[in-house]
Structure formats: structure tokens, C-alpha cells
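Quick note: the coordinates plus some simple rules give every number you see, no bench work behind them. Small disclaimer: the values here were computed from a predicted structure and weren't measured. For neighbour counting, all protein chains shown are included, and Cβ atoms are generated from backbone atoms with ideal geometry for every residue, glycine included.
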Amino acid sequence: MEQIVYDAETGQLLTGSFMDYAMPRAGDICDFAVGHNAVPTQLNPLGAKGAGEAGTVGALGAAMNAIVDAIGTSELEMPATGERVWRALQKKRA
């Protein structure tokens, strides 16, 4: 759903607001379970590590690879919109 679009002729950003840029909402994604695996580091006395989205970095690549494997083609650009998946399937079928 997230896609930055520019006008090909002028370079004008066409998805410059949330009216045009479809940010995913809770109802747009599947249910998932969040877990916690506490493994302290030995590199400092507190055992603390960095925080953030480091654990989700591989998720996007894994999801794209799963889609590519499922449809049997590597010609799919992100984001994997329904239209792009459909076009990749049609191109593979031809």
C-alpha cells in the first residue's frame, strides 16, 4: 500500500500527503503474536543492547521472497501491490 509516486514528466511528488499515500492501518494486516526473548549481552555490566526495529529488518525481504517463490517469478518490484502481483502472474503465464 505504501508507494511514493512522482509525475514522470515534471518530477512532482503525487503522494505527498496521507490522502494520497496509503499508510497501512491495523485492519490492513494479519494477526501476529509478539514475543520477547531476553538474552543479555556480555559486553557491558547492565547486559543492555540497542533497541528499535532491528528485529524487523529481515521481515520485508522475507515477505517479498515468499511472494516471489509463491508466484514463481523474480520480476516483482516493491511494494507488492495486488496489481503488481497480478501483472507478474500474467507475464509469467504469457
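Quick notes on this structure:
- Some residue of region 44-53 being under 16 Å from the mean Cα position of the chain (by Cα), surrounded by 10 or more Cβ atoms within 10 Å (Cβ to Cβ) and within 21 Å of Glu2 (Cβ to Cβ): no
- No other residue among Arg93, Arg84 is without any contact (Cβ under 8 Å) to a residue 12 or more places away in the chain, within 20 Å of Ile4 (Cα to Cα) and not aromatic (Phe, Trp, Tyr) apart from Arg84.
- Residues in region 10-23 that are within 22 Å of the chain's Cα centre (by Cα) and surrounded by 10 or more Cβ atoms within 10 Å (Cβ to Cβ): Leu13, Leu14, Thr15, Gly16, Asp20, Tyr21, Ala22.
- All of Asp69, Asp31 fail the test of being surrounded by 10 or more Cβ atoms within 10 Å (Cβ to Cβ) and out of contact with any helix residue (DSSP H, G or I) (no Cβ under 7 Å at 6 or more places or on another chain), apart from Asp69.
- Boolean, Thr41 is hydroxyl-bearing (Ser, Thr, Tyr) and either surrounded by 11 or more Cβ atoms within 10 Å (Cβ to Cβ) or under 17 Å from Gln3 (Cβ atoms) (or both): no
- Only one of the numbered conditions (1) hydroxyl-bearing (Ser, Thr, Tyr); (2) exposed (fewer than 10 other Cβ atoms within 10 Å of the Cβ); (3) closer than 26 Å to Lys91 by Cα is violated by Tyr6, and that is (2).
Yes/no per residue for (1) of a type outside the set (D, E, K, R); (2) on the phi < 0 side of the Ramachandran plot; (3) in contact with a Gly (Cβ under 9 Å, 6 or more places away or on another chain); (4) in a loop (DSSP other than H, G, I, E, B):
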position	(1), (2), (3), (4)
Thr10	yes, yes, no, yes
Asp31	no, yes, no, yes
Gly47	yes, no, no, yes
Ala62	yes, yes, no, no
Asn65	yes, yes, no, no
Glu75	no, yes, no, yes
Gln90	yes, yes, no, no
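- Within region 77-88, tally of residues that are part of a loop (DSSP other than H, G, I, E, B) and more than 18 Å from Ala59 (Cα to Cα): 0
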